[in-house]
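The block underneath contains the structure these notes are about, expressed in structure tokens.
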Amino acid sequence: MNAEQHTSPLNEWAPDEALELLVFIVNHGRGEAILQHLREHFDTGATLMLAYGTRPNKVLRFLALDEVRKDVLLLICPEARSTEMIRSVKQTFHLEKANSGIGFTIPLSEALGLHQQKERSEKLSIPDDKIHYVALCTILERGLGEEAVEVAREVGAAGATVIEARGSAQRISQDFAFEIEDQKDFLLMILKKEQLETVQKALSDHFSMSEANSGITFSYPLNKVIGLYGQVE
């Protein structure tokens, strides 16, 4: 699709279409430009958050210059439309280049509060042979994020995006047996499927996640991924 081509507004999609969460992670300042692009060409907005990434460089880390601010954009859209959107952003902002940013989609089984959205109970899934990349999420006490990144790097992970998180302990502890309160580090890593078990085990062992209130880690498959340097289309 030509990046300059306008498409129909998102509120025209059928209410029973399959949905995806579309995520872009780019250097700070580019998020606003991508958000404007989505508004102009797809008549939609997004949630824009500030996070930070890490540079794998010991000298920069010693000089306290290893953290890079990141913009994280989140939006829910139909699966068919997400393909157009991710391709348009990739072409316009050249996410195929190293250190330009990444984009990926996550299939959703349910979403509430969307225009014309019907309730749905079916669970969406991706065939196992179609899964090439996964997202690994880890929640730890504030300040342990960098340590977790180092643990993951030692077993082959490239890096992570870190979001300083807040949450409600009473609500989350019922589901995860782990109190997510103020002052937590939320790490997001994009891994090849075959890396997942090794990285997840390394984090679990290092932070003793079998013990109560020590941290949690979980993963989910990604449907479409762009912007990983060296990625084969």
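Brief remarks on what is shown
- Across segment 19-31, computed HN-Hα scalar couplings (Karplus, 6.51 cos²θ - 1.76 cosθ + 1.60, θ = phi - 60°) run 10, 9, 8, 9, 10, 10, 10, 9, 4, 4, x, 7, x Hz from first to last residue, x flagging Gly and Pro.
- Under Karplus coefficients 6.51, -1.76 and 1.60, residue-wise ³J(HN,Hα) of segment 137-143 in Hz, glycine/proline x: 10, 9, 10, 9, 4, 3, x
- Approximating the spin labels as points 7 Å out from Cα along Cα→Cβ, the E194-to-Y52 distance works out to 3.5 nm.
- Scanning residues 5 or more positions from I216 or on other chains, those with amide H under 5 Å from its amide H are I139, with H placed 1.01 Å from N in the peptide plane.
- In this structure, N27 and K130 have a Cβ-Cβ separation that, at R0 = 41 Å, corresponds to a calculated FRET efficiency of about 0.85.
- Cα-projected label distance for D205 with L108, points at 7 Å along beta-carbon direction, nm: 3.8
- Residue by residue, segment 148-158 carries 3J(HN,Hα) couplings of 5, 4, 5, 4, 5, 4, 4, 10, x, 6, 7 Hz when phi is fed to the Karplus relation 6.51 cos²θ - 1.76 cosθ + 1.60 (θ = phi - 60°); x denotes Gly or Pro.
- Placed amide H near A160: partners under 5 Å, 5+ positions off or other chain: T54
- Per-pair calculated FRET efficiency, R0 = 41 Å: E141 and T92 via Cβ, rounded to 0.05: 0.60
- Solvent-accessible surface ranking, highest first, for L50, L22 at 1.4 angstrom: L50, L22
- Ranking D43, D129 by solvent-accessible area of protein heavy atoms (1.4 Å probe, all protein chains present), from largest to smallest, gives D129, D43.
The values are calculated or read from the model by the stated rules, or taken from the named source; none is laboratory data. For clarity, every value in this text was computed on a predicted model and none was experimentally measured. Cβ coordinates were reconstructed from backbone atoms using ideal geometry, including for glycine residues, and neighbour counts include every protein chain displayed. Accessible surface is based on the protein model in full, side chains and every heavy atom, while ligands, DNA and RNA are left aside. Shrake-Rupley method; radii C 1.70, N 1.55, O 1.52, S 1.80 Å.
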